[in-house]
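Read the structure below first, then the notes.
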Amino acid sequence: MSGKPSLESLRPEDFKAAVRRLAGLLDASSVVNLESCVRCGLCAESCHYYLDDGDIRSIPAAKLNLVIRVFKRYLSPGGRILRGWMGARDFDAAEVREWIDSLYGRCTLCGRCALNCAMGINIPAIIRKGRGVLASMGLVPDGLSSTVDLARDTGNNMGISKVEWVETVAWLEEELQAETGDPSARLPMDARGADFLYLVNPREPKFYPLTLTAAAKIFHAAGGSWTLSSDFFDVTNYAFFSGDDLIAALISRRAKEAAEKLDVKALVLSECGHGFGSNRWEAPEWLAEKTGFEVKSVLQVVAGYIREGRISLDPARNVKPVTLHDPCRLVRMGGIVEEQRFILRHAVKDFIEMTPNREQNYCCGGGGGQLSMTDFTARRRSAGRIKSEQIRRTQARVVATPCHNCLDQLAELAKHHKLGVEVKSVLELAAEAVVLGDR
Amino acid sequence: MNALRWGVVAAGFISLGSLTFLVFKALSRGRAPFYAAPQGRASSGIAYALGRGLLPWEKESARLHLGAYLGGIVYHLGVFAGFGILGALTLNIDLPPLVWMVLRLASAAGLAAGLGLLAKRILKSQARRLSVPDDFGANLFVDIFLATALAASLRPAVVPLFFGYSIFLLVFIPLGKIRHCFFFFLSRISFGRFFGRRGALPPLKSERER
């Protein structure tokens, strides 16, 4: 990011402004959470970072305490009176360095700690507020800030131009027609009044176009009424990870405007954990307004097609044992728990659950913007050991996951930890199993 | 003696008033109105958070640290018993012997649990490093409260000391970590509301059944 300040160049007034920013970010729930932590440390084993490195700094309570001690120092009467006793700390360069290392570098915002906290503290929500403070100081780690900037400036996180997007979709439509043998198979663009607008992860048109055709094949088989938008197609919102609410709202507004312009009934989100969380749960809060259309995951749509008998799947086409990784933002923090299982049970012959699973599943380590923050790559790969061991125990040959960030991380883990597994999206497996011509 | 009694009552009001003020101060920051359409029921999430969600088989952290979890429950029950003794002695309430016995047993068990948790915090390197002075102090202050409560319930000569110490503790509560006693319930409610609206909690099946 051009003009990005260094930690050393920050002036005392910058730190004061950051504390004011913290004060502004804290709502009632946040303060209640900050006042509740008793540093019992029982949350330690809920974090894959701590399980991997055993470092006290990786304990969720320790990460949370970074924010608590600054809160106490400036915003809590007890902490101002009894600073040393309460463990209150000045917000200075040394403290900020710790914040960057822990809040960005030791957390994927997966929320497993929140579920296991005796007090019920929403630790990832507080950590994201801490990130918001750092973002206000211009201290978002480079890879993450450049991803956010690219999305802000070009409309998607990979800088794909409108021409490139439209041409890619046209090419994929030809591919779909060839695959289905049906010249009426479409990837509709800007179809007004369709049932839903489909947002994709930019890595789909850029690197993995077949995941987009997989979805299109299923929609086609079901006779779905859907469309893509030439104006906006990005399901991701990396400002969720950076903590910058203003940019997050800007990106969210684009999705909302694209849906409104095409007058669709629903916004359907491709397989993306944080994309689901951002568009389904956070966007209305960032924009401070309700949406006039439904927002749902593509998993809900496909599961609906199966339930309604609009598509039939042949599990014999996927005979290798398959296990499922639950993306944190989709499942634990998003409430989409059973749909992916329902689809897989229809699409594959041998489905094996990981242990633990669903809302207690371990993070793969790719969330929280970790894949874009190269400063923390070694730590991310190492922390992925917990997920790798979980996968290995299932003895599955395929790991399915409905999230593109998870796909990237799992593919890297498969190599790094020599797991000997293929990594696929849930829709890919469903598309391989879909029986055409039943409609 | 009467002065001490009145001192306890006054300290109790100061404590409750200060805690209530702190809670209202926190709540005055306003809560997010939740514009996103719910997928589940906040009330179900809250019921889970305050009930089943606290049970050890629902919570991996409690299962893994069953000793600390049970110790914490006994400790907090002991604290309630300690306040029961304080209330009875301050207001001269004539309790049946059985109730006195229960209060004494509970505060004794609470004291043992509290000392155990304090020892753990001091002796285990990780817990020690995670702690701030307030964490040790709060535990110690409450342990002393339980010890004096127990002693006062057995020996009337200790009652003035118990009252004097209770005045200190009651005034200290809003300043330090012990104030989490008020925020705990709000935190659990906020947790249940958040996950309940999203349909993530309560889980469809208990984790142990999977």
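The values are calculated or read from the model by the stated rules, or taken from the named source; none is laboratory data. What you are looking at is a predicted structure, and each value in this text was computed from that prediction instead of being measured. As a convention, Cβ positions derive from the backbone with ideal geometry for all residues, glycine included, and neighbour counts pool all protein chains shown. The area values use the complete protein model at the heavy-atom level, side chains included, leaving out ligands, DNA and RNA. Shrake-Rupley method; radii C 1.70, N 1.55, O 1.52, S 1.80 Å.
Placing a pseudo-label 7 Å from each Cα along the Cα-to-Cβ vector at B:LEU55 and A:LYS261 gives an inter-label distance of 5.2 nm. Each Lys or Arg adds one and each Asp or Glu subtracts one; over the other residues with Cβ under 15 Å from the Cβ of A:LEU287, this totals -2. Region B:57-95 and region A:145-186 have Cα centres spaced 60 Å apart.
Please calculate how many Å² of accessible area chain A carries per residue, with a 1.4 Å probe and no DNA, RNA or ligand atoms counted. Provide the component values of the computation, followed by the final result.
Values: 14860 Å² over 439 residues.
Dividing the accessible area of chain A by its residue count gives 34 Å².
Accessible-area loss of 30 Å² or more (1.4 Å probe, protein heavy atoms, chain alone versus all protein chains) is found in region A:16-31 for A:ASP27, A:ALA28, A:SER29, A:VAL31.
Distance from the C-alpha centroid of region A:87-130 to that of region A:372-439: 27 Å, rounded to the whole angstrom. With a Förster radius of 60 Å applied to the C-beta separation of B:ALA151 and A:LEU287, the computed FRET efficiency comes to 0.50. Residues of region A:260-288 whose accessible area, computed with a 1.4 Å probe over protein heavy atoms, drops by at least 50 Å² once all protein chains are present relative to their chain alone are A:ARG280, A:TRP281, A:GLU285.
Per residue of B:194-203, other chain Cβ atoms within 10 Å of the residue Cβ number 5 on average.
If the viscosity is 1.002 mPa s and the temperature 20 °C, what translational diffusion coefficient in µm²/s does Stokes-Einstein give for region B:115-210 when Rh comes from Kirkwood over Cα pairs? Numbers along the way, then the final one.
Values: Rh = 16.5 Å.
D, rounded to a whole number, is 130 µm²/s.
Taking max minus min of the alpha-carbon positions on each principal axis, the protein assembly as shown gives extents of 96, 55, 45 Å, largest first.
What full-extension length gain, to one decimal in nm, is calculated for B:ALA88 and B:ALA37 as 0.36 nm per residue of separation minus the Cα-Cα distance?
So the chain would gain 13.4 nm between B:ALA88 and B:ALA37.
Mean per-residue shielding of peptide B:176-186 is 5, counting Cβ atoms of other chains within 10 Å of each Cβ. Which FRET efficiency value, to the nearest 0.05, is calculated for A:LEU75 and B:LYS124 with the Förster distance at 41 angstrom and r the Cβ-Cβ distance? Once the sixth-power term is evaluated, E becomes 0.85. Between A:GLU422 and A:LYS16, the simple spin-label model (points 7 angstrom out along Cα→Cβ) gives 6.2 nm.
Which parts of region A:149-170 would a label at A:MET189 reach, counting a residue when its backbone N lies under 16 Å from a point 7 Å out along Cα-to-Cβ? Label zone hits: A:160-170.
What is chain A's relative contact order, in percent, from Cα pairs under 8 angstrom and six or more apart in sequence?
About 16 percent, as a whole number.
Modelled this way, with points 7 Å down the Cα-to-C-beta line, the labels at A:ALA94 and B:LEU27 are 4.0 nm from one another. Backbone amide hydrogens, once placed in the peptide plane, bring A:MET189 within less than 5 Å of A:LEU228, excluding anything fewer than 5 places away on its chain.
On the protein heavy atoms, probe 1.4 angstrom, tell me the percent of accessible surface of chain A carried by carbon and sulfur. Summing carbon and sulfur atoms, their accessible area is 50 percent of the total for chain A.
Which value, in debye to the nearest 20, describes the size of the charge dipole of region A:304-346 about its Cα centre when Lys and Arg Cβ atoms bear +1, Asp and Glu Cβ atoms bear -1, and nothing else is charged?
Working: 8 positive and 5 negative charges, 18 e Å.
Roughly 80 debye for region A:304-346.
A Förster distance of 60 Å, applied to the separation of the beta-carbon atoms of A:GLN177 and B:VAL171, puts the FRET efficiency at 0.15. Can you tell which of A:CYS406, A:GLY437, A:ALA255 lies farthest toward the positive end of the dipole of chain A, using +1 and -1 charges on the Cβ of basic and acidic side chains (Lys, Arg; Asp, Glu)? Among A:CYS406, A:GLY437, A:ALA255, the one farthest towards the positive end of the dipole of chain A is A:CYS406. Residues of region B:27-45 that bury at least 50 Å² of accessible area once all protein chains are present, compared with their chain alone (1.4 Å probe, heavy atoms only, ligands and nucleic acids left out), are B:ARG29, B:TYR35, B:ALA36, B:GLN39.
Heavy-atom accessible area buried between chains A and B is around 5200 Å² (1.4 Å probe, both sides summed). Protection proxy ranking of A:129-136, B:45-52, by the mean of other Cβ atoms within 10 Å over each peptide's residues and highest first, is A:129-136, B:45-52.
Gain on full extension, evaluated as 0.36 nm per residue between A:SER382 and A:LYS349 minus their Cα-Cα distance, stands at 8.7 nm. The calculated P(r) of chain B, using every Cα pair and 5 Å bins from 0, goes 1, 7, 12, 14, 16, 15, 14, 10, 6, 3, 1, 0, 0 in percent.
Taking amide H atoms as placed 1.01 Å from N in the peptide plane, the amide H of A:VAL434 lies under 5 Å from those of A:ASP314, each 5 or more residues away in sequence or on another chain. Of all the C-alpha pairs in region A:158-231, what % are more than 16 Å from each other? Pairs farther apart than 16 Å: 44 percent. Taking 0.36 nm per residue of separation and subtracting the current Cα-Cα distance, fully stretching the chain between A:ARG253 and A:VAL319 would add 19.5 nm. Near B:GLY199, the amide H atoms lying under 5 Å from its own belong to B:GLN39, B:GLY40, B:ARG41; only residues 5 or more places off or on other chains count, and H is placed 1.01 Å from N.
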